[in-house]
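Reading through the structure tokens given below for one structure.
What follows draws every value from the coordinates through simple rules; no lab data is involved. None of the values given here were measured: they were computed from a predicted structure. As a convention, Cβ positions derive from the backbone with ideal geometry for all residues, glycine included, and neighbour counts pool all protein chains shown.
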Amino acid sequence: MRVAKETVVAIEYTLKDDQGNIIDASGDRGPMEYLHGAQNIIPGLEQGVDGLVAGDTKSVLVPPQLGYGEYSEKLLQLVPLNAFGANTPQIGMRFHAETNLGMRVLTIKKIEGEEVTLDGNHELAGKTLHFDIKVVSVRAAELTELSHGHPHQSGGCCGGGGCGSGEASSEGGCCSTGEASEGGCCSSEEGATAGGCCSTEQPVAQKQGGCGSGGCGCSA
Ligand SMILES: [Zn+2]
């Protein structure tokens with residue numbers, strides 16, 4: 001079976017930057033599974049996988065506009081240090097917040113005196129992505145997967161591979177409907193610290209909701 005719309009595809013991949021540094025790899029996490037044609041992954045990678053069959057390997061070059069977009073200075077904003085209340089901001093800390101562009105993942109880029117610079121760009125914005133992929137499997141999606149817009153593992157939504165325990169029940173947690181923001185998994189709470197459920201473990205190739213390959217917005 002060829003990779004096409006309405007197939008569930010599992011790929012192994014290594015992602016490198018222009019300098020050849022490895023940014024991410026499926027590695028020990030195992031293959032990344034996604035529903036093809038449902039915008040589960042970045043467009044450039046999805047296009048690269050289209051038409052392949054299990055066992056195929058390929059190098060896929062993804063320009064910023066088909067990846068995480070160009071880097072935009074407009075997504076930088078200054079906030080006063082005291083906006084963080086009791087939380088101590090640290091450079092590199094990430095959290096979700098409502099902005100004039102909707103819910104975004106913001107990264108603390110700079111702290112200077114009483115001013116904190118927040119960066120709403122994705123960490124891979126402006127970067128050309130070099131993927132080496134291998135198609136592990138291709139199968140027809142099930143009806144429930146098509147209606148949910150993502151693959152199911154272990155026979156259910158959010159089965160297996162979910163986020164860490166205890167996170168899923170809170171509003172904005174792993175299995176909530178989430179926002180369409182990149183990396184929009186887990187914890188919409190402001191001040192959620194780096195190292196949270198999805199901040200470091202989410203496959204970067206996954207566009208949204210990347211808990212395991214579930215990323216669910218459903219209760220089935
Ligand atoms: Zn589901």
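Between L143 and A54, the modelled labels are 2.5 nm apart [label points 7 Å from Cα along Cα→Cβ].
Projected label points at Q77 and I111, each 7 Å from Cα along the beta carbon direction, are separated by 2.0 nanometres.
Treating r as the C-beta distance of A97 and I23 and R0 as 22 Å, the FRET efficiency rounds to 0.35.
Normalised by the number of residues in region 1-90, the average gap of Cα pairs under 8 Å and 6 or more apart makes the relative contact order 26 percent. Of the cross-linked pairs K109/K134; K74/K127; K74/K109, those separated by over 25 Å at the C-alpha level are K109/K134. Using the average count of surrounding beta-carbon atoms within 10 Å as a protection proxy, the listed peptides 110-117, 132-139 rank, highest first, as 132-139, 110-117. Could you tell me which of rounded, prolate or oblate describes region 3-101, using a ≥ b ≥ c as the square roots of the eigenvalues of the alpha-carbon gyration tensor, with rounded for a/c under 1.5 and, failing that, prolate when a/b is larger than b/c and oblate otherwise? The shape class here is prolate.
Our analysis of region 34-150 gives Rg over Rh at 1.11, with the two radii drawn from alpha carbon positions and Rh computed by the Kirkwood formula.
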